[in-house]
Amino acid sequence: MNITQNYSSYTPENHTVWAILFERQYHNLQGKAIPEFFEGLEKVGFSRDRIPDFDEVNQRLKPLTGFEVVPAPGIVDDALFFELIANHKFPATVWIRNMDQLDYLEEPDMFHDVFGHVPLLTIPVYCQFLAQLSQLALQYIDRPDVIDLLTRIYWYTIEFGLFIENGKPMIYGAGILSSVGESNLSVSDASTKFKFDVAQILETSYIKETFQSQYFHISDFRELLEALPALTIALDKLKTELEVPATL
């Protein structure tokens with residue numbers, strides 16, 4: 001990708017949008033997000049005052065877990081996405097929403113990609129899972145049906161995952177962390193929550209257009225890492241079952 005952040009191109013309005021979104025969600029997430037998220041914000045040097053500079057972020061992030069943020073134009077295709085993450089590079093969009101899009105955006109922008117994802121990239125075991133999941137995806141990259149199933153694992157963990165700590169739901173999924181409405185819904189009694197289970201997630205489709213109707217929770221990030229062997233076995237089995245018979 002020949003994309004640069006071009007930091008000097010951000011307008012005062014861009015920085016104001018970041019400040020509004022940061023301030024609002026930082027306060028909204030108090031008591032809802034896992035402590036590691038707030039620790040991550042500090043480790044990578046995020047603040048409400050200005051949009052993060054990827055070069056500065058990487059100077060802080062890379063020594064912690066080996067991950068770095070790379071500029072992306074928007075959503076990238078599966079092959080490139082998983083290849084980048086397997087190589088410890090997280091693609092993040094460089095554009096940020098307009099002032100009239102504060103509450104709703106169809107396509108993920110910088111606030112989602114950077115505020116939601118990057119603080120968690122300071123956690124070694126989380127990064128191990130993310131990289132190994134992506135390496136697994138690359139083995140099936142020529143099978144869209146299997147990639148769709150793997151995307152369900154990514155969706156219900158990295159994007160919309162919850163913790164349960166002392167019986168209380170806590171957020172770690174980036175899609176929830178970057179959304180006021182989703183963060184309020186996900187931890188409330190109005191949402192359905194299931195214990196993390198690879199087999200169940202593989203059978204559960206996800207929603208892109210609105211809030212999720214259900215979430216899966218863990219109690220330790222090692223649960224994700226330790227689930228990868230079972231996931232590999234399940235995918236190998238499903239790959240065979242999903243093979244399309246050759247036509248005569």
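The values are calculated or read from the model by the stated rules, or taken from the named source; none is laboratory data. These numbers come from a predicted model, not from an experiment. Every residue, glycine as well, gets a Cβ built from its backbone with ideal geometry; the counts of neighbours run over all protein chains shown. Just so you know, the surface numbers come from the protein's heavy atoms only, side chains and all, with ligands and any DNA or RNA stripped out. Shrake-Rupley method; radii C 1.70, N 1.55, O 1.52, S 1.80 Å.
If the condition is being over 25 Å from Leu228 (Cα atoms) and either of a type outside the set (Val, Ile, Thr) or surrounded by 21 or more Cβ atoms within 10 Å (Cβ to Cβ) (or both), then region 168-185 contributes Lys168, Ser178, Ser179, Gly181, Glu182, Ser183, Asn184, Leu185. Of all residue pairs spaced 6 or more apart or on separate chains, those with beta-carbon atoms under 7 Å, a first member in region 217-245 that is within 25 Å of Ile34 (Cβ to Cβ) and a second member that is modelled with pLDDT of 95 or more and part of a loop (DSSP other than H, G, I, E, B) are His217/Phe196; Ile218/Phe196; Phe221/Ile123; Glu223/Phe196.
If you go through region 108-141 and keep only what is aromatic (Phe, Trp, Tyr) and assigned to a loop (DSSP other than H, G, I, E, B), you end up with just Tyr140. If the condition is being more than 17 Å from the chain's Cα centre (by Cα) and either without any contact (Cβ under 8 Å) to a residue 24 or more places away in the chain or under 16 Å from Ile176 (Cα atoms) (or both), then region 36-59 contributes Glu42, Gly45, Glu56, Asn58, Gln59.
The number of residues in region 187-201 that are open to solvent by less than 40 Å² (accessible area, probe 1.4 Å) and in contact with a Ser or Thr (Cβ under 9 Å, 6 or more places away or on another chain) comes to 3. Only one of the numbered conditions (1) in contact (Cβ under 8 Å) with a residue 24 or more places away in the chain; (2) open to solvent by 60 Å² or more (accessible area, probe 1.4 Å); (3) of a type outside the set (A, V, I, L, M, F, W, C); (4) under 29 Å from Pro169 (Cα atoms) is violated by Glu13, and that is (4). Is it true that Thr93 is among the β-branched types (Val, Ile, Thr) and without any contact (Cβ under 8 Å) to a residue 40 or more places away in the chain? Yes, satisfied. Taken over region 141-167, the criterion of being surrounded by 19 or more Cβ atoms within 10 Å (Cβ to Cβ) and without any contact (Cβ under 8 Å) to a residue 24 or more places away in the chain is satisfied by Tyr154, Glu159.
Assessment of region 178-190 against the conditions (in contact (Cβ under 8 Å) with a residue 12 or more places away in the chain, charged (D, E, K, R) and more than 27 Å from Lys89 (Cα to Cα)) yields no matching residue.
Within region 19-37, which residues are within 11 Å of Tyr172 (Cα to Cα) and surrounded by fewer than 16 Cβ atoms within 10 Å (Cβ to Cβ)?
Result: Pro35, single match.
Considering only region 202-212, I want to know if a residue exists there that is over 24 Å from Pro35 (Cβ atoms), open to solvent by less than 30 Å² (accessible area, probe 1.4 Å) and β-branched (Val, Ile, Thr). Yes, region 202-212 contains a residue that is over 24 Å from Pro35 (Cβ atoms), open to solvent by less than 30 Å² (accessible area, probe 1.4 Å) and β-branched (Val, Ile, Thr). Residues in region 38-77 that are farther than 22 Å from Tyr7 by Cβ and crowded, with 17+ Cβ neighbours inside 10 Å: Thr65 only. Among the residues of region 11-53, just one is in contact with a Lys or Arg (Cβ under 9 Å, 6 or more places away or on another chain) and of a type in the set (Ser, Thr, Tyr), namely Tyr26.
Return only the number of the condition from (1) touching a strand residue (DSSP E or B) at 6+ places or on another chain (Cβ under 8 Å); (2) surrounded by fewer than 17 Cβ atoms within 10 Å (Cβ to Cβ); (3) within 15 Å of Val114 (Cβ to Cβ); (4) not polar (S, T, N, Q) that Leu80 does not satisfy. The one condition Leu80 does not meet is (3). Those strands (runs of 3 or more DSSP E) of region 151-248 in which 3 or more residues are closer than 30 Å to Leu102 by Cα and not β-branched (Val, Ile, Thr) occupy 161-165, 168-171, 214-218. A search for C-beta distances below 9 Å between a residue of region 193-205 that is without any contact (Cβ under 8 Å) to a residue 12 or more places away in the chain and any residue that is surrounded by 15 or more Cβ atoms within 10 Å (Cβ to Cβ) and of a type in the set (S, T, N, Q), counting only pairs 6+ apart in sequence or on different chains, returns nothing.
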